[in-house]
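Notes for the one structure printed next.
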Amino acid sequence: MAEPEVKKEDADSRRVQTFPIVRYCDMPEEMKVETMELCVTACEKFSANNETAAKMIKETMDKRFGASWHVVVGEGFGFEVTHEMKNILYMYFGGNMAVCVWKCT
């Protein structure tokens, strides 16, 4: 028997997303870009530990933009939060990883 051919479509569908997709953001552009870069760096550095990635993002955001930032990193979660205007980012990275960063006082 001949082995079945692997379709190119199947191989393409298995590629992992390597760029961030912003689902919602109301941050100023400069803050948005900086936060996205921080989230990608943390998720790549701590890919096996979402809690450590969230802690790194939170501590860095607190230092750069003032206190009271909150971060959720993971997959398969929903949320409803109260946040300050111009201080929320919800994005996907790496296929199934989601990051939500917001500030509230």
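The values are calculated or read from the model by the stated rules, or taken from the named source; none is laboratory data. This is a predicted model, so every value here is computed, not measured. A quick note on method: Cβ atoms are made from the backbone with ideal geometry, for glycine too, and the neighbour counts reach across all protein chains shown. Surface accessibility is based on the protein's heavy atoms, side chains included, excluding ligands, DNA and RNA. Shrake-Rupley method; radii C 1.70, N 1.55, O 1.52, S 1.80 Å.
Miscellaneous remarks
- Answer residue from the range 20-37, given it is in a helix (DSSP H, G or I) and in contact with a strand residue (DSSP E or B) (Cβ under 8 Å, 6 or more places away or on another chain) and is surrounded by the fewest Cβ atoms within 10 Å (Cβ to Cβ) among those: LYS32
- Selection of the range 72-88 for residues being part of a loop (DSSP other than H, G, I, E, B), modelled with pLDDT of 90 or more and surrounded by 14 or more Cβ atoms within 10 Å (Cβ to Cβ) yields only ASN87.
- Cβ-Cβ distances below 6 Å connect the following pairs, each with a first residue in the range 63-79 that is more than 19 Å from MET91 (Cα to Cα), a second residue that is modelled with pLDDT under 90 and surrounded by fewer than 10 Cβ atoms within 10 Å (Cβ to Cβ), and a separation of six or more residues or different chains: SER68/THR105.
- The range 49-70, residues that are hydrophobic (A, V, I, L, M, F, W, C), assigned to a helix (DSSP H, G or I) and either within 10 Å of LEU38 (Cβ to Cβ) or open to solvent by less than 50 Å² (accessible area, probe 1.4 Å) (or both): ALA53, ALA54, MET56, ILE57, MET61
Per-residue answers, yes or no, for (1) of a type in the set (A, V, I, L, M, F, W, C); (2) closer than 19 Å to VAL40 by Cα:
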| position | (1), (2) |
| --- | --- |
| LYS58 | no, yes |
| PHE65 | yes, yes |
| VAL72 | yes, yes |
| PHE79 | yes, no |
| HIS83 | no, no |
| ASN87 | no, yes |
| GLY94 | no, yes |
| ALA98 | yes, yes |
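- The range 89-99: number of residues that are within 19 Å of PRO28 (Cα to Cα) and open to solvent by less than 20 Å² (accessible area, probe 1.4 Å): 3
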